[in-house]
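Read the figures in this text as sums done on the coordinates, not as results from a lab. Since we're looking at a predicted model, the values are computed, not measured. Neighbour counts are summed over all protein chains in view; Cβ atoms, including those assigned to glycine, are modelled from backbone coordinates with ideal geometry.
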Amino acid sequence: AIRARIPISMPTVLIDRDFEGDDFDFILSDNIQGGYIAAKHLIGLGHKRIACIIGAEHMKPSYDRMQGFKAAMDEAGLPIDPDLILQGDFHLGSGYKGALKLFRQQHPPTAVFAFNDMMAIGVQRAAVELGLHVPDDISLIGFDNIELGIYTCPALTTVSQSKTEIGQKIIQQMIERMSNMTLPTVRELVPTHLVIRESTKSIN
């Protein structure tokens with residue numbers, strides 16, 4: 001994660017960004033938990049060769065999601081194949097290109113965890129091009145729970161961030177900070193949860 005100490009003289013709440021120092025309030029999705037529950041879901045379905053298409057390495061959400069994924073794999077006693085961890089950038093194209101590389105490997109994964117829904121949609125496109133079927137040939141899970149994921153075919157299993165709860169906490173914290181700038185800074189994690197749809201299934 002990018003870290004810096006930036007003095008500030010106005011009420012500021014950061015969302016899913018983490019800076020060193022005591023100048024900011026933070027409202028963060030629990031991305032470690034999110035990565036963990038995504039991996040646990042796939043592991044619970046019997047998948048062992050699970051690929052990740054991660055987001056930008058310098059961004060804390062991507063780093064934390066990977067930490068959660070690793071924790072679940074370690075807990076299950078499953079190795080992480082470095083050939084199955086590919087760099088993405090949170091955009092459709094990187095999910096698509098990453099999936100083409102994964103599916104063309106000699107020992108391809110049986111499941112893919114894309115670190116956001118847009119990359120997951122790119123993975124779905126690559127699967128179609130290569131004649132693979134989601135979830136029969138490959139299980140797929142995203143992250144964010146964007147509306148578009150409901151309308152993909154199949155509908156996308158994903159990790160949901162509570163945008164409403166995050167927004168409410170931001171407003172509440174801004175009001176409190178504006179009323180008293182001397183209050184201790186707050187760092188709060190908002191839980192994520194799994195939304196199971198049609199893109200994941202038990203391995204045969």
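I want the local charge near THR200. Using Cβ-Cβ distances under 15 Å, sum +1 for each Lys or Arg and -1 for each Asp or Glu among the other residues.
Net local charge, THR200 excluded: +1.
Around MET119, under 11 Å between beta carbons, what's the net of Lys plus Arg minus Asp minus Glu among the other residues?
Result for the local shell: -1.
What is the sum of charges, Lys and Arg at +1 and Asp and Glu at -1, for the other residues whose Cβ falls under 13 Å from the Cβ of ILE141?
+1
Mind checking the full-extension length gain between ASP83 and LYS101? Use 0.36 nm per residue of separation minus the Cα-Cα distance, one decimal, nm.
Here the segment from ASP83 to LYS101 would lengthen by 5.5 nm.
Pull up all non-local amide H partners of VAL190: gap of 5 or more, or a different chain, and H-to-H distance under 5 Å with H placed in the peptide plane.
LEU28, SER29, ASP30
Suppose R0 equals 22 Å. What FRET efficiency, 1/(1 + (r/R0)^6) with r the Cβ-Cβ distance, do GLU198 and LYS48 give to the nearest 0.05?
Calculated value: 0.50.
Per residue of region 151-161, what does 6.51 cos²θ - 1.76 cosθ + 1.60 with θ = phi - 60° give for ³J(HN,Hα)? Whole Hz please, x for Gly and Pro, Karplus curve as stated.
Once θ is set to phi - 60°, the couplings for region 151-161 become 9, 6, 10, x, 4, 8, 6, 7, 9, 9, 9 Hz.
Over 27 Å, how big is the tail of the calculated P(r) for region 29-150, in percent of all Cα pairs?
Value for region 29-150: 7 percent of Cα pairs lie more than 27 Å apart.
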